[in-house]
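A.B. asks: Take this structure, written in structure tokens, and hold onto it; I'll ask about it next.
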Amino acid sequence: MATKTIKIDDIDGRDGDDVAKRDFELGGLMYTIDLGDANFAKLQEILDQLAPFMQSAVKAKQAGRARKNTSDTPAGA
């Protein structure tokens, strides 16, 4: 018995022979998404437009949790 795998485009919900798992990189992180040819072309266009911004940007440090200083706590609190 044969089985058929149907891939669904993660953006528009369409299935088709052109839908495939597409890998892309953004900000040094790798992502994967199932896209048809048209949506993959849109993604590539957006990434191309975003590239100069990513090249000029500096990664921001994540804010740390504030420490509670016990000497700032009022007596009896």
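A.B. asks: Are any residues in the stretch 15-35 surrounded by 12 or more Cβ atoms within 10 Å (Cβ to Cβ) and part of a loop (DSSP other than H, G, I, E, B), and if so, which ones?
C.D. replies: Gly16, Asp18, Val19
A.B. asks: State yes or no: is Asp12 assigned to a loop (DSSP other than H, G, I, E, B), surrounded by fewer than 14 Cβ atoms within 10 Å (Cβ to Cβ), modelled with pLDDT of 95 or more and out of contact with any Gly (no Cβ under 7 Å at 6 or more places or on another chain)?
C.D. replies: Answer is yes for this residue.
A.B. asks: Suppose we filter the stretch 26-40 for residues that are over 14 Å from Gly16 (Cβ atoms) and not hydroxyl-bearing (Ser, Thr, Tyr); how many remain?
C.D. replies: Residues in the stretch 26-40 being over 14 Å from Gly16 (Cβ atoms) and not hydroxyl-bearing (Ser, Thr, Tyr): 6 in total.
A.B. asks: Okay, next question. In the stretch 24-36, what residues are under 11 Å from the mean Cα position of the chain (by Cα) and of a type outside the set (A, V, I, L, M)? Outline the logic, then answer.
C.D. replies: Taking the stretch 24-36 as the starting set, the residues that turn out to be under 11 Å from the mean Cα position of the chain (by Cα) are 24-33.
Selection gives Phe24, Glu25, Gly27, Gly28, Tyr31, Thr32.
A.B. asks: Only one residue in Asp10, Asp37, Asp18 is under 30 Å from Ser56 (Cβ atoms) and not hydrophobic (A, V, I, L, M, F, W, C), so which one is that?
C.D. replies: Sole residue among the options that is under 30 Å from Ser56 (Cβ atoms) and not hydrophobic (A, V, I, L, M, F, W, C): Asp10.
The values are calculated or read from the model by the stated rules, or taken from the named source; none is laboratory data. Keep in mind that this is a model prediction, so the values were computed, not measured. Here the Cβ is made from the backbone with ideal geometry for all residues, glycine too, and neighbour counts use every protein chain on show.
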